[in-house]
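Undergrad: Below is the structure I would like to discuss, written out as structure tokens.
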């Protein structure tokens, strides 16, 4: 049981390049999330998917797109990378219970992205 | 609007001493509260959560947290710190009835436990 996996672990891009960060979970969770972590800022939600086929914007969605490919996989795409997107990106998943249920999120190991 | 404050960027404790990592929150209505820990170059790991009921919540690795509604606080505690507890700790809050996308994290507190 691998939990939440992310690829790649590290990536260096030049400004304007595009890339897709991959995330997969094997816990049969309904909900998945993408966060970015910046020093002194905590974690900020980029996008989330409450269930297969749905996606919603979080606090900082600009410059990103997401795809919930199936129940297991949730990808994050940077169409034209900018230095401000240098960050550590975390994917998470959770069981979706009743509306408002306090489901626990489980995190992947992260992708460290540098945009030059 | 929801918010979480972790007033200390860093907490230093000697091994064997008790530790406290502070968290205060602001949310409309009753909250769900969480603590996560992040070891270097790793993802966040769930420690414990408060849903309802007993104000003292026990979690993983001997940690516990006390919910105080009047002070809107949810401080993380451990009676006897270990060097291996050194890590970054995050408090998070979500309002009851809120969507899963509304889990708000604090900025984190670095805990350093010295031998």
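The values are calculated or read from the model by the stated rules, or taken from the named source; none is laboratory data. What you see is a predicted model, and the numbers here were worked out from it, not measured in a lab. Cβ sites come from the backbone with ideal geometry, for glycine too, and all protein chains shown count toward neighbours.
Undergrad: Got a number for residues in region B:14-57 being crowded, with 19+ Cβ neighbours inside 10 Å and either free of Cβ contacts under 8 Å to residues at least 40 places away in the same chain or part of a strand (DSSP E or B) (or both)?
TA: Applying the first criterion (crowded, with 19+ Cβ neighbours inside 10 Å) to region B:14-57 yields B:19, B:21, B:23, B:25, B:27, B:31-38, B:43-44, B:47-50, B:57.
Filter once more, keeping what is either free of Cβ contacts under 8 Å to residues at least 40 places away in the same chain or part of a strand (DSSP E or B) (or both): B:19, B:21, B:25, B:31-38, B:43-44, B:47-50, B:57.
Number satisfying all stated conditions: 18.
Undergrad: Out of region A:1-33, which residues are assigned to a loop (DSSP other than H, G, I, E, B) and more than 22 Å from residue A:106 (Cβ to Cβ)? Before you say what the answer is, go through the steps one by one.
TA: So the first thing to find is which residues in region A:1-33 are assigned to a loop (DSSP other than H, G, I, E, B), and the list is A:1-3, A:8-9, A:14-18, A:26-30.
If the condition is that a residue be assigned to a loop (DSSP other than H, G, I, E, B) and more than 22 Å from residue A:106 (Cβ to Cβ), then A:14, A:15, A:16, A:17, A:18 are the ones that fit.
Undergrad: Report those strands (runs of 3 or more DSSP E) wholly inside region A:54-114 carrying at least 3 residues which are touching a helix residue (DSSP H, G or I) at 6+ places or on another chain (Cβ under 7 Å).
TA: Working: elements: A:64-68, A:74-78, A:87-94.
Because the criterion is at least 3 residues that are touching a helix residue (DSSP H, G or I) at 6+ places or on another chain (Cβ under 7 Å), no strands (runs of 3 or more DSSP E) in region A:54-114 meet it.
Undergrad: Oh, and also: How many residues are at pLDDT below 95 and at positive phi if we restrict to region B:14-45?
TA: Residues meeting the conditions: 2.
Undergrad: Still on this model: Quick check on my filter: what residues within region A:29-69 are in contact (Cβ under 8 Å) with a residue 60 or more places away in the chain and farther than 15 Å from residue A:85 by Cα?
TA: Scanning region A:29-69 gives A:29, A:30, A:31, A:32, A:33.
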